[in-house]
Amino acid sequence: MTASAALKPEEPGFINGRSGLEEEILDSVSAWCGGKAIPVKAPSQILNYVSAHDNQTLYDKLASTLEEGADIRKACRLTAGIYMTCQGSLFFLSGEEFARTKNGLDNTYNAPVSLNRLDWTKSLQEQELVEYYKGLIALRKQLPGLCDKAPNAVQRISGRWNKPGAVGFFVDNRAEERSCRWKTLCIVYNSKSTPERLTLPRGTWELLADGESSFLWKSPVRAGANIAAAPGSILILEKTAADEKNCPADLFSGR
């Protein structure tokens, strides 16, 4: 919810420009385990979501809080990318994947069916957004480091860093019970209007998803040592073999 301040109609969140939320976003990555703000014992206790049957839809929330002329669907992709790469269980409002709208209303319990129904024509009109959600869901199913619900799952998250409008972290994606294609993940959320340039730790890194495509993991693209998270976008990278040393916390350039 912090990603878009979902329960407060007029209040922006990390996605739509509110400052000072970077640490909260990072706490949500580990389902608030190990933090002081919420007494969570394991990711199994947490549901990650940004829209539900109550309050505004994600599209309406972003439309009402983003600057005029902003790319709302791009913001939808970043929002989905954030909560789908956090530990905990996922939940989202039906139709969120095709920019469902209730014309900005945040309480439609007594509204007509014409407003509350699912408009399936939008699922055809918003195919790019629908496909982005599909790719994220399929990718997450292959990431045990994020699906781990054990009390010690927080130990999989390391190298957290943040600066105004951007955060990043590493994930130990190994699993004892099954073979994993990707051993280490590097994930970056950039909500700024400018690129966030990164210098990756040594090793061979490949791009699994970015702000435009969530299906890059099907044919991973080799990433150079210097890479940039595009404005208002997510980056998900993987390294198949862990380095001898832990990935450093000082991931972003200039730190």
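Can you tell me which residue is nearest to Lys61 (Cα to Cα) among those in segment 105-121 that are aliphatic (A, V, I, L, M) and outside any helix (DSSP H, G or I)? If we take residues in segment 105-121 being aliphatic (A, V, I, L, M) and outside any helix (DSSP H, G or I), then Leu105 is nearest to Lys61 (Cα to Cα). I'd like to know if segment 155-163 contains one or more residues that are closer than 20 Å to Ser28 by Cα, among the basic types (Lys, Arg), surrounded by fewer than 19 Cβ atoms within 10 Å (Cβ to Cβ) and outside the structural domain of Pro43 (by TED's automatic domain parsing). Yes, because at least one residue in segment 155-163 is closer than 20 Å to Ser28 by Cα, among the basic types (Lys, Arg), surrounded by fewer than 19 Cβ atoms within 10 Å (Cβ to Cβ) and outside the structural domain of Pro43 (by TED's automatic domain parsing).
Just one residue in the set Thr101, Thr121, Thr85 is at pLDDT 95 or above, exposed (fewer than 15 other Cβ atoms within 10 Å of the Cβ), among the polar types (S, T, N, Q) and not assigned by TED's automatic domain parsing to the domain that holds Ser158; that residue is Thr121.
Just one of the listed residues (Lys141, Lys102, Lys149) is out of contact with any Phe, Trp or Tyr (no Cβ under 8 Å at 6 or more places or on another chain) and under 19 Å from Leu216 (Cβ atoms), and it is Lys141. Number of residues in segment 164-198 that are among the polar types (S, T, N, Q), in a loop (DSSP other than H, G, I, E, B) and buried (at least 18 other Cβ atoms within 10 Å of the Cβ): the value is 2.
Restricted to segment 199-228, and to residues there that are under 19 Å from Ser158 (Cβ atoms) and either within 18 Å of the chain's Cα centre (by Cα) or among the basic types (Lys, Arg) (or both), the residue that is surrounded by the most Cβ atoms within 10 Å (Cβ to Cβ) is Leu208. May I ask you to list the residues in segment 205-231 that are among the aliphatic types (A, V, I, L, M) and either at pLDDT below 95 or not in a loop (DSSP other than H, G, I, E, B) (or both)? Across segment 205-231, the qualifying residues are Leu207, Leu208, Ala209, Leu216, Val221, Ala223, Ala225, Ile227, Ala228, Ala229. Output the residue which, of all residues in segment 34-52 that are free of Cβ contacts under 8 Å to residues at least 24 places away in the same chain and small (Gly, Ala, Ser), is surrounded by the fewest Cβ atoms within 10 Å (Cβ to Cβ). Residue satisfying both the conditions and the ranking: Ala37. Look at Lys149 and say whether it is more than 14 Å from the chain's Cα centre (by Cα) and within 16 Å of Cys86 (Cα to Cα). For Lys149, the condition - more than 14 Å from the chain's Cα centre (by Cα) and within 16 Å of Cys86 (Cα to Cα) - is met.
The values are calculated or read from the model by the stated rules, or taken from the named source; none is laboratory data. It should be emphasised that the depicted structure is a prediction, and the values quoted were computed from it without experimental measurement. Heads up, the Cβs are rebuilt from the backbone with ideal geometry, glycines too, and the neighbour counts pull from every protein chain shown.
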